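One structure is given below, encoded as structure tokens.
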Amino acid sequence: MADRLATIFVWSAALLVTSVFLWLLGGIVWSGAGQLSWSFLIDSPRNAGRAGGIGPILISTGLLLLVCLGVSLPIGLGTAILLAEFTSSTNRFGRLVRWSLDVLAGVPSILFGLFGNAFFCIFLGLGFSILSGGLTLACMVLPILIRSTEASFRSVPDEYRLGAAALGLSRTTTLLRLLLPTAIPGLIVGLVLGTGRAVAETAALIFTSGYVDRQPTSLLDSGRSLSVHVYDLSMNVAGGDANASATALVLILLLLLINGTASWVMGRWLRKRLITI
Amino acid sequence: MIGENTRLPTNRIDMLIEIDSVFGNSPHRPDTVTGSGSVGKKASATCCMARPTVRRSTAAARFRRLKEFPLSNRLFTCLVALLSASIVSCSSANNRSDHQLVLTGSSTVAPLVLEMAKRFESQHPGVRVDVQTGGSSRGIADAMRGLADIGMASRSLREEEYELHAFAIARDGVCVILHRDNPIEALTDAQIVAIYSGEIVNWSDVGGHDAPITVVNKAAGRSTLELFLEYFDLSSTEIRADVVIGDNEQGIKTVAGNSNAIGYVSIGTAEFDASAGIAIKLLPVGTVAASVDNVATGSFPLSRPLNLVTRSEPNGLAATFIEFARSDSVHDLIREQYFVPIVP
């Protein structure tokens, strides 16, 4: 009896989650798909976004993501390697780093926005720019990226390291040739989660990368991201709801594309490794 | 110790550690072995069999552990250097020129000014006008501190902000609308408050037919909602709404399709639609008729100015832009955003 209750509970919880997701997706597709066209993807917004497309906004979003990942990937990877391979789990410095990362991961994004505005925009003089926005996003994404990569490094069996040591491999070789490839799936999971958080961000970006919907010509230009555009159209511009839904649909498609590419790359990577080893 | 010896020093970093561990603090070798990282792990795996009880931590051991990750230290140094170099080179290139204006402030005004900025840019090649949002208070604060060339505010300046210069570019007015067939011609402020807070639920209580009132309210975040709440001194939790709508057009359609409905929308849209034959009527506030003209002159109480704010008397590009934003050539843009142009 208790078993059956538990089964019912688990199934209904899963069904609830799935149906909420489908309902949400269906609503966006229903109201947004009509607006979607090739010209919507490449045109500039007109009349405060009610008409026209989202071309410059797509490009700004892409640049923001590039800056964010370009900065957070090397730093994140380095820190994760330090935490997993060069410090023990009881090391005081490692614990401090881990603790601060966990705190950072829980900080609301509006605080990152205010920090980014005060530090990157004003203190470093970058102004409202894609660079400021990307760096702020990098700060937000780092904790997720580091913790997930660190976990995957720690999950590599110790026998690998022992084997490498027995073969007389140097530590760098062990790291690059053995541990890193084995930990790649975890890195990609962190990357996908981080990208999701970055792409979905509005609060941190409205104060850093800004509101300008012009085609960006450099990383120092202000640029509006997709989610800021959705927010502005739905909350701020009367009559912008149709284009807001269409932009939200593009945002979701972009996320699915990123997730799909990541898992495809991961699958290829794993298959290649299985063949060569 | 066994673990240390199984490892061949194949690069310089490892060599340093090796030499260090041979000639260095040999009494503390067990600590090194139980220490951190891949060396520690593989070493302790073999070593613990021999000396399972050794798990001390001394200052020397900690010091050695710091030496154990020069690779990532270098990586960090490189990254930090790279990052700061790029930042320095960028910030030196980011001097605000005579060809750029930065505006921050009210999210109500921002879409309008953004459209004005696009037209301004097309008329002045080489000029860039960046419009940012953040709210009226932010616009005023940024203008005061000089972080923005021009601030945007969807309200009049307060007394403590007297040192700023405000330039109204348009007005935003809200009026209460009823269905055209509703016999009621006017409602007092108190009656509107009672209807919206759910104390009066039937039109007969205010002199109309015996029919339930359908209260149409705006969704949270709309500037019309803010203005309405502020004028009638209501809070959004007090409102008992039957229908919640998003934009002005939706509100007008709802009221036009329900003869017992009451709603409020932006005045420009309502007047245009009423004159186009849609079944709504605009109620006066107090004795002032709801019309775009009365909003333009400022006599209609349910309205507010949309201001551009500067710290000092504007000059150069800022003055040109403000002049442009107040000229007749942007009145079509103002109407497109459902605001009311100011007629001198």
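Assign one of three labels to the range A:44-189, namely rounded, prolate or oblate, based on the Cα gyration tensor with a ≥ b ≥ c the square roots of its eigenvalues; rounded applies when a/c is under 1.5, prolate when it is not and a/b is larger than b/c, and oblate otherwise.
Cα axes put the range A:44-189 in the prolate bin.
I'd like the GluC sites (Glu not before Pro) in the range B:136-198 restricted to DSSP loop residues with at most 16 other Cβ atoms within 10 Å, sorted by number.
Numbers: sites: B:GLU159, B:GLU160, B:GLU161, B:GLU163, B:GLU185; in loops: B:GLU163, B:GLU185.
Loop-located and lightly packed - B:GLU163, B:GLU185.
When ranked by the protection proxy of mean other Cβ atoms within 10 Å per residue, highest first, what sequence do the peptides B:269-280, B:313-324 form? Numbers along the way, then the final one.
Numbers: B:269-280: 17.2, B:313-324: 15.5.
Peptide ranking by packing, descending: B:269-280, B:313-324.
Have a look at the range A:20-276 and give its Rg and Dmax from the Cα atoms, expressed in angstrom.
Values for the range A:20-276 (Cα only, Rg and Dmax): 20.7, 69 Å.
Which FRET efficiency value, to the nearest 0.05, is calculated for A:LEU96 and A:LEU15 with the Förster distance at 41 angstrom and r the Cβ-Cβ distance?
The value I calculate is 0.40.
Which of the aspartates and glutamates could a cross-linker span from B:LYS253 if the Cα-Cα distance has to be under 19 Å and same-chain partners fewer than 8 positions apart are dropped?
In chain and number order, the partners are A:ASP241, B:ASP181, B:ASP242, B:GLU271, B:ASP273, B:GLU336.
In peptide A:207-220, what is the residue-averaged number of other protein chain Cβ atoms found within 10 Å of each Cβ? Walk me through the numbers before you get to the answer.
Numbers: counts 5, 1, 1, 7, 11, 8, 3, 8, 0, 0, 1, 3, 2, 4.
Taking all residues of A:207-220 together, the mean is 4.
Between the range B:172-228 and the range A:29-78, what's the alpha-carbon centroid distance in Å?
About 41 Å separates the Cα centre of the range B:172-228 from the one of the range A:29-78.
Using a Debye calculation, one point per C-alpha and no hydration shell, please list log10 I(q)/I(0) for the range B:172-297 at q = 0.15 Å⁻¹ in order.
Summing over Cα pairs of the range B:172-297 leads to -0.61.
What aspartates and glutamates sit close enough to B:LYS118 to cross-link, taking a C-alpha to C-alpha distance under 14 Å and skipping anything fewer than 8 places away on the same chain?
Of all the aspartates and glutamates, those that pass the test against B:LYS118 - Cα under 14 Å, at least 8 places apart if same chain - are A:ASP213, B:ASP130, B:ASP332.
Which order do the peptides A:171-184, B:109-122 come out in when sorted by mean C-beta neighbours inside 10 angstrom, highest first?
Ranking, from highest mean packing down: B:109-122, A:171-184.
The range B:181-273: which trypsin sites (Lys or Arg not before Pro) are DSSP loop and have at most 16 other beta-carbon atoms within 10 angstrom? Each step should come with its number before you reach the end.
On the way: sites: B:LYS218, B:ARG222, B:ARG240, B:LYS253; in loops: B:ARG222, B:ARG240.
The qualifying sites are B:ARG240.
Laboratory data are not the source of any read-out in this text; all were calculated from the coordinates shown. Keep in mind that what you see is a predicted model, and the values were worked out from it rather than measured. Counting neighbours? That spans all protein chains shown, and the Cβs are built from the backbone with ideal geometry, glycine included.
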